[in-house]
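These notes are about the structure you will find just below.
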Amino acid sequence: MSDPIIIKSRKLQAWQKDAAKIFESLQPNERFIIKASRQKGKSEICRQFLLYTAINYPKSYSYYVSPTIAQSRLFFQALQECCEGNALVKNINASLLEITFVNKSKIFFRSCEQGEHLRGGTCKGKGLLIWDEQAYCSDDMKAILLPYTNVNKNNIICISTPRRKTGTFYEWYTRAINGEKNYRYLDVNDYDNSFFIDD
């Protein structure tokens, strides 16, 4: 993924380029933890990961999960704008919050607010689970979402603003920085983000 597939997208920032390199090198069943403060381009890189996976891996099923349905809908709408009119996209269903590609790949947009109703989802093929703002979701969701990736050993990307020194996000990030197997991480605060600050 040295030259990521970009559909109506801005140029990637330095941290996003490094995140793309890590994403490209992920092995099956690895979890990639990204710690970032707000307004640093988290949604942009998530869109890149989802589009890359859907386009390059036919018949893959990927999921984007956020804390609230409003967040998931906003993310869906942003990705919808990227995909509209593109020949690679077969159908965009705003009611179900799903995008289907001509190669039979799908991206599903869900919310932790759906709770038990999320049970039964499965990432197919080389599909991806992106858990956005994981630190702001109940830890009970782990038991519901992790089975999505069990069968095909799919990768999980957790990207969040930190909240507290407890919970799933903190646990996984700690495992990653300690070098535990199957955990990778990137801290956006390790990069120069001064260009976000106006005069």
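The values are calculated or read from the model by the stated rules, or taken from the named source; none is laboratory data. For clarity, every value in this text was computed on a predicted model and none was experimentally measured. All Cβ positions, even for glycine, are placed from backbone atoms using ideal geometry, and neighbour counts span all protein chains on display. Just the protein is used for accessible areas: all its heavy atoms, side chains included, with ligands, DNA and RNA removed. Shrake-Rupley method; radii C 1.70, N 1.55, O 1.52, S 1.80 Å.
Results, tabulated for the structure shown:
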quantity: Where LEU96 falls short, out of the listed (1) under 22 Å from LEU145 (Cβ atoms); (2) open to solvent by 10 Å² or more (accessible area, probe 1.4 Å); (3) part of a helix (DSSP H, G or I); calculated: (3)
quantity: Qualifying residue in the stretch 105-117 (condition: under 21 Å from GLN16 (Cβ atoms), charged (D, E, K, R) and at pLDDT below 95); calculated: no
quantity: Residues that are assigned to a strand (DSSP E or B) and open to solvent by 60 Å² or more (accessible area, probe 1.4 Å), drawn from the stretch 99-120; calculated: none
quantity: Within the stretch 125-147, tally of residues that are charged (D, E, K, R), on the phi < 0 side of the Ramachandran plot and buried (at least 18 other Cβ atoms within 10 Å of the Cβ); calculated: 2
quantity: Tabulated pairs, the stretch 167-186, first without any contact (Cβ under 8 Å) to a residue 60 or more places away in the chain, second in a loop (DSSP other than H, G, I, E, B), C-beta under 7 angstrom, 6+ apart or interchain; calculated: GLY167/ASP139; THR168/ASP139; TYR170/ARG164
quantity: Per-region count, the stretch 31-87, residues more than 15 Å from the chain's Cα centre (by Cα), open to solvent by less than 20 Å² (accessible area, probe 1.4 Å) and within 18 Å of PRO162 (Cβ to Cβ); calculated: 0
quantity: In the stretch 148-182, residue nearest to ILE130 (Cα to Cα) [restricted to those that are touching a Ser or Thr at 6+ places or on another chain (Cβ under 7 Å) and open to solvent by less than 70 Å² (accessible area, probe 1.4 Å)]; calculated: ILE156
